[in-house]
Every structure is written in C-alpha cells, then in structure tokens.
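Everything below concerns the one structure shown next.
Where a number appears in this text, it was derived from the coordinates with a stated rule and is not lab data. Just so you know, these numbers come straight off a predicted model, no measurement behind them. Neighbour counts are summed over all protein chains in view; Cβ atoms, including those assigned to glycine, are modelled from backbone coordinates with ideal geometry.
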C-alpha cells in the first residue's frame, strides 16, 4: 500500500529540521500521550509509554533520520523495532498484533512528520510577513467535517483564529496553511477571502476542552520565526549527537535567515560545535562581534568555513585567558579562528586569512612550525 504521507516530506526544508531538532533536543519520558500539554508538545519529544531515557533517545534518533534523510516509513519501522528490542520495551500500545504495531509506528512517524513540517511552515509564514493566511484542507477521503468547513478560509495573519486552529488540529490531520500577499493572490491559491468564519468557531467542546473540531491538546500554534527557533535551540545543541548539531548549524548558516540576522543581529547566533579535545559546547557570534568581524570583511562564506577550521585544524592553541586558536593550513593560505570566553559562553572573536609569509610574521601564531 502506498505510504499516505506527502512526498514533500521526503525533502525536508531547513525550518522543518530546525523545528524537529528543537523537539528532539528535549527528551521527556512519559507514561501517557497527554502527559505533555499543548505547546509543550512542540518543544519536547515524547512517545507515550517510553519512560527510559536511552530508549527515548533511540526513538528520537529514528525520527530524526526519517525526516532529515527522508528514509521513509519502512526504514523508520526497522529503526523502531531495533530500539524496542535493544531496550526490552514491552506492553506498549499496539504491541502484539501486526496491525496494531503498524498503526502505532505510523502514528509516531506521521505525527512527527506533520508537526515538524507545519512548525517549519509557520516560521516561513512569519518570516515571509504574508498578510493573509489560507486554510487548506488535506483532501482526506474521510474528512473531519469541521476541517472541511474551514477549507479556503482566508484571514489576516494576526487573526485570533490561527492561535488555536493552525494545523495540525488532531491526530492524523494533514491540513495545511498557505500565505498570500493580496486577496487576489489568495483566490489564485484556492482561498476565498469572502468566506465567513463559522458562527461557532470559538465554542468549546466540553469533551476535549478545545474549540469544536480540534482534538484534545491540539489547540495551539507554533509561536516563532525561524530566527526565534534557532535561538531557542542554541542551549540544547550540546544534547544532540555531534554530527547532527554540526549539520544543523551549517544548514542555518547557509540559509537566508542567517543573512537577515547578520543585517540586524539580536541575541547570539550559534556558528559551530567545538570538536573533541577543544572543550565542550557551541561557539556563538554576538551582535558586538558581528560588528567587529564585519569590519574585517568576514561574511557568510567565512562563517560557514569556521566549523571545518575548528574540526580539522593543523594546530590548536589554548591561551592562558581561556582563548582557543584554531589554525588550518591549506592551499598556500593559513586560516586562523579565535574563540574566546564571555562568562560561560564561547564567543567567536576573529577569523583571518593569511599567506604563509604573513603567518610567519604574525605575533599570535608566528612561532608555530611552518
């Protein structure tokens, strides 16, 4: 049977991976699916019944691989079974029958695919500053009637409707939201700017405590732009596997969002994961260092290069004040990365490109063997 998850999920975008990895960095053991409430589910990863930290970590890794590498449902099932067998997890909902196990694995797989996709999409809509948002029904064969009734609704981006009704709006919900620059463009995208909201759109279903048509615990929307997601994830990067965090940092730096942040920096942007033997943690760039680095001509390509310099440095130096120097000699030039300390943070202070001759005369690295 064909996999019922959209093919677009095989091609994750940077904002989707950011949203997903934000959740995977916060592993929360739970006994029941509703142990996490509303927005907590966006910021934490859980699988109901998985209360062992190492089991949860392996399940999180399976989800991350499915999204980041687009390995598909069959590969996810293999990873799930391997994790369950390794950690001896028994008694989980669905276990014991082929249909039950397939159903449970598909719920976890699809839920993480859809929620990460829509969280990333929300960040794109916010950063794109679209004035109109359009609710698009998934086209499911057996639709929820409320969701179908919202199809084509075109409302201002700041309308209260989106606070609770931004999809997904329940288990298995595949509804989407698109952005439009004008009412005319909204119509071209299948929206109907003249369509009124249902009269009962704010009424609460006493069975769920959520607006009618929305599943219990699903009445919330992501609340961040891409830059906000990056800054929120920064303190958690050290909890991710080293390769995962490095890949994620590179994705962010190569995105247009980082260019926008450089133009008006706010907070600290994570640039690289320190390699083994060079301390632990993530090195960041601050608004103050952006100004200083910019004055020396350091640009996006240089920030993208810093991870490789730190990871493959020909020389590593530790100075008395806690500053670390990474020196990489390649293709007749010398790349010098300086990372200092600001309280408990590791901050990128300088990045230079020198010729071999200039490096020999440099007061900071001139004594190295050339």
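Antiparallel beta bridges, as assigned by DSSP with both residues in the range 241-361, represent about 95 percent of the total such bridges.
Relative contact order of the range 241-361: what whole-number percent is it, with Cα pairs under 8 angstrom and at least 6 residues apart?
Relative contact order of the range 241-361: 19 percent.
For a paramagnetic label modelled on residue 263 (point 7 Å from Cα along Cα→Cβ), amide N atoms under 19 Å away belong, within the range 121-137, to 123-131.
Oblate is the label for the range 100-161. Its Cα gyration tensor axes, ordered a ≥ b ≥ c, give a/c of at least 1.5 and b/c at or above a/b.
Three semi-axes describe the equivalent ellipsoid of the range 153-211; taken as square roots of 5 times the Cα gyration tensor eigenvalues and ordered largest first, they are 24, 14, 9 Å. Per residue, the average separation of C-alpha pairs within less than 8 Å and at least 6 apart gives the range 118-249 a relative contact order of 30 percent.
What's the whole-number percent of alpha carbon pairs in the range 89-240 lying beyond 19 angstrom?
Values: 6859 of 11476 pairs.
It works out to 60 percent of all Cα pairs.
With R₀ fixed at 35 Å, the C-beta to C-beta distance from residue 319 to residue 71 puts the FRET efficiency at about 0.20. The distance from the alpha carbon centre of the range 171-208 to that of the range 140-158 is 5 Å, rounded to a whole number. Legend: calculated FRET efficiency, residue 87 to residue 254, from the Cβ-Cβ distance at R0 = 41 Å, rounded to 0.05, equals 0.70.
Per the Cα gyration tensor, the range 241-361 maps to an equivalent ellipsoid with semi-axes of 21, 17, 15 Å, ordered largest to smallest. A full extension of the chain between residue 171 and residue 103 corresponds to an added length of 23.3 nm, given 0.36 nm per residue minus the alpha carbon distance.
Cα gyration tensor of the range 56-125, axes a ≥ b ≥ c as square roots of the eigenvalues: rounded (a/c below 1.5), prolate (a/b > b/c) or oblate? It is prolate, given that a/c is not under 1.5 and a/b is the larger ratio.
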